[in-house]
Amino acid sequence: MADVILPRFYGCYNCRKHVALHDDIVRKDFVAGHRRRAFLFCHVMNMVAGPKLNRRLLTGVHMVADVHCSDCGEKLGWRYEKVYEDSQKYKQSKTVLEKFKIVKLNW
Ligand SMILES: [Zn+2]
């Protein structure tokens, strides 16, 4: 009989609401502004997105929307709404969560 394996979640560091699954990480070596570590996720949950804005990031201009925890409203990262450069297209529709803003749950 197989053991039940609970999925490994990340939660909001502020209220511990589940916001993403470990298995949904696309890139672990992401860097947010000012050299802060971040993860790129293909899917997140319990998030509310802000307005879409064109913003200049390290890799060029992208249309992004900040994402906030649906429970406490804390800003946890941003979502790439539209990516203009071909070399960066893999980011489109994916979400960056800053590492210091998420905590491991169920590990
Ligand atoms: Zn929260």
If each residue of separation counts as 0.36 nm, what is the full-extension length gain between Asp23 and Lys104 once their alpha-carbon separation is subtracted? 27.9 nm
Area of Cys15 that stays accessible when all protein chains are in place (1.4 Å probe, Å², to 10): 50 Å²
Length gained if Val61 through Arg8 is fully extended, taking 0.36 nm per residue and subtracting the Cα-Cα distance, is 15.8 nm
Going down the table (Lys17/Lys52; Lys52/Lys104; Lys28/Lys91), which pairs top 18 Å between alpha carbons? Lys17/Lys52; Lys52/Lys104
Phi to ³J(HN,Hα) by Karplus 6.51 cos²θ - 1.76 cosθ + 1.60 over the range 65-73, Hz, x for Gly, Pro: 9, 5, 10, 10, 4, 6, 8, 9, x
Rounded to one decimal in Å, the inverse mean reciprocal Cα-Cα distance for the chain, i.e. its Kirkwood radius, is 14.2 Å
For the range 9-105, what does the accessible surface come to per residue with a 1.4 Å probe? Please give it in Å². 55 Å²
Let me check something: with ligands and nucleic acids excluded, how do Val4, Val19, Val26, Val103 order by accessible area (1.4 Å probe), largest to smallest? Val4, Val26, Val103, Val19
Quick one: which residues, 5 or more positions from Ser70 or on another chain, have an amide H under 5 Å from its amide H? H modelled 1.01 Å from N in the peptide plane, none for Pro or chain starts. Met47, Val48
Nearest-20 debye value, the chain charge dipole, Cβ charges on Lys, Arg, Asp, Glu: 360 debye
Return the unpartnered cysteines for the chain, using a Cβ-Cβ cut-off of under 4.7 Å. Cys42
When the accessible area of the chain is computed with all protein chains present and a 1.4 Å probe, what percentage of it is carbon and sulfur? 50 percent
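The values are calculated or read from the model by the stated rules, or taken from the named source; none is laboratory data. What you see is a predicted model; the values in this text were computed from it and never measured. All Cβ positions, glycine included, derive from the backbone under ideal geometry; neighbour counts span all protein chains shown. Surface accessibility is based on the protein's heavy atoms, side chains included, excluding ligands, DNA and RNA. Shrake-Rupley method; radii C 1.70, N 1.55, O 1.52, S 1.80 Å.
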